[in-house]
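Here is the structure we will look at.
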Amino acid sequence: MSEIVLCKPTLHDVREMQDLVRPYVDEGIILLRKDEEVANTIRSYTIAKENGEIVGFAALYIYSPQLGEIRSLVVGKNHQRKGIGKKVVGALLDEGRGYGLKRVLSLTFETAFFLSLGFHEISKEEIPEHKVWEDCIRCKLFPVCNESALIIDL
Ligand SMILES: CC(C)(COP(=O)(O)OP(=O)(O)OC[C@H]1O[C@@H](n2cnc3c(N)ncnc32)[C@H](O)[C@@H]1OP(=O)(O)O)[C@@H](O)C(=O)NCCC(=O)NCCS
């Protein structure tokens, strides 16, 4: 396996990021975000590259001075189970610590993955209302959603 390099994306990466996430958007696993929205929030992403190709990424969204969320986590289908997702989330948690965040949330079908990183499950009632109205309402699965809510203290 070649070396995995983590870095912040530039706007030139938006197209390749959208190509990587598209299969998961089509499956309803990840929320569709338009190019403009990815560009607006480009500073919140960390990408993983292997031989110059983007093989995974995620974003750290900040809700409040205490709470953040891991969003749009994706690793290419041919690159999974090689530790890339763990590296990307680890880098974003470090970034959150650097900003002074206290907790980071994830809403996900990948419970085992987040548990392995030290997250623990919480009840859906603990999810910020803001999230429900801004994101959940745009989701194909709303309002019948089987995602789990997980959180980690930093
Ligand atoms: C979830 C996802 C990002 C994980 O990325 P990854 O690079 O494959 O994960 P890693 O290799 O870093 O896995 C770290 C650990 O998580 C656990 N894990 C990862 N995927 C798992 C799975 N499908 N089932 C059970 N455990 C899993 C394992 O403990 C793994 O460690 P190990 O395999 O070395 O024992 C990837 O599967 C993905 O892109 N899925 C589709 C999109 C998605 O669901 N995103 C989450 C939205 S919040």
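Where a number appears in this text, it was derived from the coordinates with a stated rule and is not lab data. Computed from a predicted structure; not experimentally measured. Quick reminder, even Gly has a Cβ in these numbers, built from the backbone with ideal geometry, and neighbours come from all protein chains shown.
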Cut-off under 5 Å, modelled amide H: who pairs with Ile122 long-range: Ala149, Leu150, Ile151
Dipole of the chain, positive direction: furthest Cα of Gly68, Ala39, Gly96, with charges on the beta-carbon: Gly96
Which of Thr10, Thr41 has the fewest Cβ neighbours within 10 Å, and the rest in rising order: Thr10, Thr41
0 to 90° range, to nearest 10: angle between helix 14-26 axis and the chain longest Cα axis: 50 degrees
Evaluated over segment 4-153, the Cα radius of gyration and Dmax, each in Å: 14.5, 43
Under-5 Å amide H pairs with Val55, H placed in peptide plane, nonlocal only: Ala48, Lys49, Glu50
Alpha-carbon centroids, segment 54-130 and segment 31-46: separation in whole Å: 16 Å
Taking the chain and dividing mean pair separation by its residue count, relative contact order in percent (alpha carbons under 8 Å, at least six apart): 21 percent
Rough spin-label spacing in nm, given labels placed 7 Å along Cα→Cβ, for Ser123 and Lys77: 3.9 nm
Nearest-ten-degree value, helix 84-99 long axis tilted from longest Cα axis of the chain: 60 degrees
